[in-house]
Amino acid sequence: MARFSQKEIFGGQIDFFQDIHIKPEEIPKHPIEFKEKMMKSIEDFQEKKLSGIWLKITKDKLDVLKCAIELGFEMHHCEKNFVMLTKWLLPTASLIPPFSTANSGCAGTNIFPIFPIFPIFPFLQNFQFFQFFPIFIT
């Protein structure tokens with residue numbers, strides 16, 4: 001069982017799926033320092049049974065990108081100012097979702113109160129112009 005101090009490993013936010021999101025400000029600019037700290041962090045995260053690591057590398061720290069890839073990180077997506085990398089830590093197939101390139105949504109509004117829905121939604125009785133409904137299509 002490896003025991004490391006908080007200074008020896010990366011900190012971050014653990015999400016609902018037990019993935020850790022490493023704070024970008026903790027990533028050092030020097031590749032060797034990054035590699036040593038990440039190797040200890042990976043060992044610690046596996047011990048804690050975390051699922052995966054999300055690593056956001058900003059453009060001022062791109063020197064560590066090659067080291068991260070050598071440690072098994074995969075490129076997930078990038079934007080103008082950063083590259084997002086992921087690493088799956090469990091022995092199972094990765095459950096990290098692919099990057100979404102489109103979003104979709106659905107909403108409905110009854111602007112004119114032609115069909116009263118007040119018995120279904122009593123809390124909407126005070127709305128005069130808009131009535132929100134779940135599935136009704138007119």
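Every number in this text was worked out from the coordinates using simple rules, so none of it is lab data. Note that the structure is a prediction, hence the values are computed from the model and not measured. Because the Cβ atoms are built from the backbone with ideal geometry, glycine has one as well, and the counts that use them run over all protein chains shown.
Annotations for the structure displayed:
- Pairs from Lys40/Lys80; Lys40/Lys66; Lys7/Lys66; Lys29/Lys49; Lys49/Lys80 whose Cα-Cα separation, in the structure shown, is over 25 Å: Lys40/Lys80; Lys29/Lys49; Lys49/Lys80
- With N the number of residues in the stretch 12-88, Rg(Cα) / (2.2 N^0.38 Å) evaluates to 1.01.
- Relative to the Cα centre, the charge distribution of the stretch 12-88, modelled as +1 at Lys and Arg Cβ and -1 at Asp and Glu Cβ, gives a dipole magnitude of about 120 debye.
- Net +/- balance of residues flanking Val64 in space, Cβ distance below 13 Å, scoring K and R +1, D and E -1: +1
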